[in-house]
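Read the structure below first, then the notes.
All of the numbers you see were taken from the coordinates with simple rules; none came from a lab. Predicted, not measured: the structure shown is a model, and the values here were computed from it. Here Cβ is always computed from backbone atoms with ideal geometry, including for glycine, and neighbour counts include all displayed protein chains.
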Amino acid sequence: MRADRQRAILSDLSRPHLKRHARLHFDPVRGAWALLSPERVFWPDEVSLDILKLCDGRHTVVEIVDELGGQYDAPAEDIAPDVETFLQEWSDRFLVTL
């Protein structure tokens with residue numbers, strides 16, 4: 001018996017959060033944040049880290065975009081496609097739940 005996984009599709013009302021097996025960790029030796037997952041380590045850049053920190057299950061995608069727009073002084077409509085693409089890709093990698 002084989003169970004096929006359904007791809008989660010991002011929506012404006014999605015409340016992304018990190019999967020149970022993934023966590024953000026500050027590495028004091030490197031002075032950088034890492035996303036730890038079993039047998040994998042990701043070193044997100046500054047913008048990716050800002051997105052991941054807002055993936056707490058409380059913020060909707062729209063709220064994440066608005067928050068980042070304020071942090072970076074950028075119009076929401078300019079950054080929304082990049083944020084949405086990032087979240088969808090990380091969901092497809094099984095690191096973020098939508």
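Using the Cβ of Gly57 as centre and a radius below 14 Å, the other residues enclosed give a net charge of +4, where K and R count +1 and D and E count -1.
Applying both filters, DSSP loop and at most 16 other Cβ atoms within 10 Å, to the trypsin sites (Lys or Arg not before Pro) of region 7-98 gives Arg7, Lys19, Arg20, Arg30, Arg58, Arg93.
What is the sum of charges around Ala32, taking Lys and Arg as +1, Asp and Glu as -1, for the other residues whose C-beta is under 11 Å from the C-beta of Ala32? Residues close to Ala32 contribute a combined charge of -2.
Given 10 °C and 1.306 mPa s, how large is the Stokes-Einstein diffusion coefficient of region 17-97 in µm²/s, with Rh as the Kirkwood radius over Cα pairs? It diffuses with D of about 121 µm²/s by this estimate.
Label positions at His17 and Asp73, each projected 7 Å from the Cα along the C-beta direction, are separated by 3.5 nm. Think of region 17-97 as having a plus end and a minus end, set by charges on the Cβ of Lys, Arg, Asp and Glu; of Ile64, Ser91, Pro38, Pro38 sits farthest toward the positive end of this dipole.
Simple spin-label estimate for Lys53 and His25 gives 2.0 nm between the two label positions (7 Å along the Cα-to-Cβ direction from each Cα).
Between the amide H of Ala32 and those of Asp27, distances stay under 5 Å, these residues lying 5 or more places away or on another chain, with hydrogens modeled in the peptide plane.
For Lys19, nonlocal amide neighbours, meaning residues 5 or more places apart or on other chains whose placed amide H falls under 5 Å from its own, are Val96, Thr97. Think of the chain as having a plus end and a minus end, set by charges on the Cβ of Lys, Arg, Asp and Glu; of Val47, Pro28, Gln6, Gln6 sits farthest toward the positive end of this dipole. Rounded to the nearest 20 debye, the dipole magnitude of region 17-97 is 680 debye, with +1 charges on Lys and Arg beta carbons, -1 on Asp and Glu beta carbons, and the Cα centre as origin.
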